[in-house]
Amino acid sequence: MLLHLSSDHRQVLSSLLSGALAGALAKTAVAPLDRTKIIFQVSSKRFSAKEAFRLLYFTYLHEGFLSLWRGNSATMVRVVPYAAIQFSAHEEYKRLLGSYYGFRGEALPPWPRLLAGALAGTTAASLTYPLDLVRARMAVTPKEMYSNIFHVFIRISREEGLKTLYHGFVPTVLGVIPYAGLSFFTYETLKSLHREYSGRPQPYPFERMIFGACAGLIGQSASYPLDVVRRRMQTAGVTGHQRTSIVRTMRTIVREEGVVRGLYKGLSMNWLKGPIAVGISFTTFDLMQILLRHLQS
């Protein structure tokens, strides 16, 4: 199918397919850790590694092994288009900024490289946000409350209003800008440094994983407090928290739980799952791009 398309269309479709697969594999791999992190983020429970693994263990005992992936179907519905759009948009923004600055995509200078990542993340988040809210709701509620993705949409629309589907959107975008910007910037920079110092045009897969892990660690650490705030805002309708603005939500978290234990709750879990997920995501995308280019030629 790719062979009958123009070069530009092939490039976009290749990025979309590679990004979709990258996102799906990465998120499925860390779904149990992701669900556990969200449960702590939206509650006033004190986070610790011991408590997190206890929650995982009791969820497994009482609800079964597959319950650890509860909400992952909603995650896939969100992540597949999100990752596809983000990676594809990043390639396009690199190309546009590269032509504007007179550079090829991979050789962008630092600021445009950072801007390309931030724009890609913002584009993807804006187009897929309601699916992110649905995924958060399913992660923190029992099966009886929401039976499937469509049930979440129907109940929220009927009981809380359609505008609720975009509650928490502003902190999401504010968090995505440093997260996506720094993640793509770090990964592209490490690949560029690797080419310069190793003399090899392409890193090995395990090197890509390491570069992606570093990118995930830096990106997620920089944007984490806004991630906690958006989860609180997204799940306010089902967790008993009052629906308020970003600043008030942040103040409430700090007042009740403190700065570190509140705004950075679950960050250590993110340091475990984030590098794994981002490493898998970037590596899968790059290897798929190489494979598709090889098939096309």
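The values are calculated or read from the model by the stated rules, or taken from the named source; none is laboratory data. Since the structure is predicted, the reported quantities are computational estimates derived from the model, not experimental observations. Cβ sites come from the backbone with ideal geometry, for glycine too, and all protein chains shown count toward neighbours. All accessible areas refer to the heavy atoms of the entire protein, side chains included, with ligands and DNA or RNA removed. Shrake-Rupley method; radii C 1.70, N 1.55, O 1.52, S 1.80 Å.
Which of the residues belonging to region 36-45 are of a type outside the set (Val, Ile, Thr) and over 12 Å from Leu267 (Cα atoms)? Even if it seems obvious, please write down each step before you answer.
Start the filter on region 36-45 by keeping residues that are of a type outside the set (Val, Ile, Thr), which leaves 37, 40-41, 43-45.
Passing the criteria: Ser43, Ser44, Lys45.
Residues of region 150-186 being among the aromatic types (Phe, Trp, Tyr) and either over 21 Å from Asp227 (Cα atoms) or free of Cβ contacts under 8 Å to residues at least 12 places away in the same chain (or both), which ones?
Taking region 150-186 as the starting set, the residues that turn out to be among the aromatic types (Phe, Trp, Tyr) are 150, 153, 166, 169, 179, 184-185.
Across region 150-186, the qualifying residues are Phe150, Phe153.
Inspect region 184-203 for any residue being open to solvent by less than 30 Å² (accessible area, probe 1.4 Å), out of contact with any Pro (no Cβ under 9 Å at 6 or more places or on another chain) and among the aliphatic types (A, V, I, L, M) and give the result as yes or no.
Checked region 184-203: no residue is open to solvent by less than 30 Å² (accessible area, probe 1.4 Å), out of contact with any Pro (no Cβ under 9 Å at 6 or more places or on another chain) and among the aliphatic types (A, V, I, L, M).
What is the number of the single condition among (1) in contact with a Ser or Thr (Cβ under 7 Å, 6 or more places away or on another chain); (2) open to solvent by 10 Å² or more (accessible area, probe 1.4 Å); (3) within 30 Å of Glu63 (Cα to Cα) that Ile218 does not meet?
Among (1) in contact with a Ser or Thr (Cβ under 7 Å, 6 or more places away or on another chain); (2) open to solvent by 10 Å² or more (accessible area, probe 1.4 Å); (3) within 30 Å of Glu63 (Cα to Cα), the lone unmet condition for Ile218 is (3).
If I filter region 89-96 for residues that are more than 23 Å from Ala20 (Cα to Cα), assigned to a helix (DSSP H, G or I) and open to solvent by 40 Å² or more (accessible area, probe 1.4 Å), do I get at least one hit? Outline the logic, then answer.
As a first pass, look at region 89-96 and keep what is more than 23 Å from Ala20 (Cα to Cα): none.
No.
Taking Phe103 and the conditions (1) in a helix (DSSP H, G or I); (2) open to solvent by 30 Å² or more (accessible area, probe 1.4 Å), which numbered condition does it fall short on, given that it satisfies the others?
(1)
With the requirement that a residue be open to solvent by 10 Å² or more (accessible area, probe 1.4 Å) and small (Gly, Ala, Ser), what does region 24-42 give you?
Across region 24-42, the qualifying residues are Ala24, Ala29.
Quick grid of which residues meet (1) open to solvent by 60 Å² or more (accessible area, probe 1.4 Å); (2) within 14 Å of the chain's Cα centre (by Cα):
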| site | (1), (2) |
| --- | --- |
| Leu119 | yes, no |
| Asn148 | yes, no |
| Glu159 | yes, no |
| Leu165 | no, no |
| Val170 | yes, no |
| Gly175 | no, yes |
